[in-house]
Amino acid sequence: QQAEAWFKERRKLQEQAESEPLFGAYKGKNVLIVQAEAFQEFVIGQSVNGKEITPNLNELIKKSAYFPNFYHQTAQGRTSDADFATSCSMHPLPTGSVFIRFAGNTFDCMPSILNGEGYDTTVHHAYDGSFWNRHNMYSGMQYDRFYTVKDYKIDEPMGWSLGDKSFFRQTIDQLKERNHSPFYALTITLSSHHPYNLPYSKRELNGGAFDGTMFGDYLQSAHYVDSAVGELVDLLKKQDLWDNTILIFYGDHDNSIYDWKPYEKLLGKPVTALDQDAIVKKVPFLIHLPRDEHAGIVGKAVGQIDTAPTLMQLLGIPMDDRYMMGVSMFSRAAKPVVFRNGGFTDGRVYYVPSADGIAGNGSCYALPDGSAADPASCTAPAEAAKRELEVSDRVIEHNLISTFRGKEK
Ligand code: GP9
């Protein structure tokens, strides 16, 4: 009952989004999402020895809505957590992966919502379909089709399977073959997976002092992924898909490199305790809209659970009685971004929880300068963040959406 009341309250924010002019402005457009493996925000706009790490994304950002204060909300379920938070607008669990532990539960995820709107919904990932229990989870999410490694020709062997360049090329072929508009396609990249050792022939940056380190290898991988995204954009244009497709690019989680010296060297400044927390949690997020509309930097603090409600606002789909925790990133309605460890930010303060987990006992920073903030300004929102996580956990662990639905009938 308390959980139901929580959702009722949260829905009011998305209802505000539904009264804004953007609601339904892109009704019926295709949606192509790129979830990029371990792709972090700190590489965007940076150069190594005079060469941009992400030249293609830097260009695309100029023509897109870009959210520099977008945070991943993942935990132990890593890539599967990012997928769950993005597609189903709920928090991942504190331990394990929802994909593995609760694939049979009822959730309100984008594929099932869009199936009801006439969309062809597909998910594409050139790896074993049973990894992260994807086969079962995706069938519960009601995707029309899951393309796994079995559906790809390994003509660019790299790392765990196929290089992202070929992966995108073959994915666009798959979508062309399906020949269904509108489509919703989630593509999950793999080439920039830990430990980031690309074949030497694919390393195009002059890494200088970073060469021979895992951090240097990570930059090379990010550069390769960026180049694959550049080719994907060219392909979408060639195939006449560019003007009727919403393209989203975001990073799934951090890169697991926690030695801060190379970050300081790249960024040319000391990395404070606050910077460390934010670097780990920030991943890039861009939405390119047809005709380059709404291009610009949006500073609002947002996270992965806000992605599905953002799409719903753009496509004109009301929240109705669905159970989602996010709010459209484009809306004037705002709420703090809650991290899985109990931290949060609302863009004005940034809270890093203490080891005891007691709300308010952690470090409270003022943004943007990162100075120490009055701890009292973090206490109430830290308690609200804890509550949000508890509601999410309870709903998932007890399959409550199914119970709520049963009562509605
Ligand atoms: C494998 C890929 C990697 O299919 O999604 O997942 P990760 O190890 O990053 O969670």
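The values are calculated or read from the model by the stated rules, or taken from the named source; none is laboratory data. Because the structure is a prediction, the values reported are computed rather than measured. Using ideal geometry, Cβ is built from the backbone for each residue, glycine included, and neighbour counts are taken over all protein chains shown. Keep in mind that these areas ignore ligands, DNA and RNA; they rest on the heavy atoms of the full protein, side chains included. Shrake-Rupley method; radii C 1.70, N 1.55, O 1.52, S 1.80 Å.
Can you give the helix-only mean residue ellipticity at 222 nm for the chain, where every DSSP H stretch with n ≥ 4 adds -39500 (n - 2.57) and the sum goes over all residues, rounded to the nearest 500 deg cm²/dmol? If you can, show how the numbers build up before the last one.
Details: 13 runs with 150 residues, N = 409.
Mean residue ellipticity at 222 nm (helix-derived): -11500 deg cm²/dmol.
Percent relative contact order of region 335-409, based on C-alpha pairs within less than 8 angstrom and at least six residues apart?
Numbers: 98 pairs, mean separation 17.7, N = 75.
The value is 24 percent.
Compare Glu9, Glu177 by solvent-accessible area with a 1.4 Å probe and give them largest first, with all protein chains kept in place. Don't skip to the answer; put the middle values down first.
Numbers: Glu9 110, Glu177 160 Å².
Accessible-area ranking of Glu9, Glu177, largest first: Glu177, Glu9.
With a Cα-only, solvent-free Debye model of the chain, what are the log10 I(q)/I(0) values at q = 0.06, 0.08, 0.14 Å⁻¹?
Treating every Cα as an identical point scatterer, log10 I(q)/I(0) equals -0.22, -0.40, -1.35.
Rounded to the nearest 5, what % of the DSSP beta bridges within region 80-227 are antiparallel ones? Please report the intermediate quantities before stating the final value.
Details: 2 of 10 bridges.
Percent antiparallel among DSSP bridges in region 80-227 is about 20.
For the chain, what are the DSSP H helices with axial Cα length of 27 Å or more and mean Kyte-Doolittle hydropathy of at least -1.0? Show your work: numbers first, answer last.
Details: long enough: 214-238 (36 Å, 0.10); 376-397 (32 Å, -0.28).
Helices passing the filter in the chain: 214-238, 376-397.
In whole percent, and with a 1.4 Å probe on the protein chains, what portion of the accessible area of region 1-100 is carbon and sulfur?
Values: 1690 of 3460 Å².
Accessible surface attributable to carbon and sulfur in region 1-100 totals 49 percent.
Quick one: accessible surface of Glu204, probe radius 1.4 Å, all protein chains present, in square angstrom to the nearest 10.
Glu204 has an accessible surface of roughly 100 Å² with all protein chains in place.
Name the shape class, rounded, prolate or oblate, that the alpha-carbon gyration tensor gives for region 58-170, where a ≥ b ≥ c are the square roots of its eigenvalues, rounded holds for a/c under 1.5, and otherwise prolate holds if a/b is larger than b/c and oblate otherwise.
Numbers: a/c = 1.33, a/b = 1.11, b/c = 1.20.
Rounded, since a/c falls under 1.5.
Just from the alpha-carbon atoms, what are the Rg and Dmax of region 130-277 in angstroms?
17.8, 51
What does the accessible area per residue of the chain come to in Å², with a 1.4 Å probe and no ligands, DNA or RNA counted?
Numbers: 15930 Å² over 409 residues.
Here the residues of the chain average 39 Å² of exposed surface.
Please give the length that would be gained between Asp374 and Asn399 if that part of the chain were fully extended, namely 0.36 nm times their separation in residues minus their C-alpha to C-alpha distance (nm, one decimal). Please list the in-between numbers first.
On the way: separation 25, 0.36 × 25 = 9.00 nm, distance 3.88 nm.
Taking Asp374 through Asn399 to full extension adds about 5.1 nm, to one decimal.
Between Asp128, Asp346, Asp155, find the one with the highest GNM mean-square fluctuation for the chain; connect C-alpha pairs within less than 10 Å.
Taking springs between Cα atoms under 10 Å, the residue moving most is Asp155.
How large a share of the accessible area of region 255-409, in percent, is made up of carbon and sulfur atoms when the probe is 1.4 Å and the other protein chains stay in place? Write out the running numbers ahead of the final one.
Working: 3410 of 6390 Å².
That share works out to 53 percent.
Cross-link candidates for Lys27: which lysines have Cα within less than 26 Å, leaving aside residues fewer than 8 places away along the same chain?
Counting by Cα, and skipping residues close in sequence, Lys27 has these lysines nearby: Lys8, Lys12, Lys62, Lys63, Lys176, Lys237, Lys238, Lys300, Lys335.
Using a simple spin-label model with points 7 Å from Cα along the Cα→Cβ vector, what separation in nm is obtained for Ile358 and Gln46?
About 3.7 nm, to one decimal.
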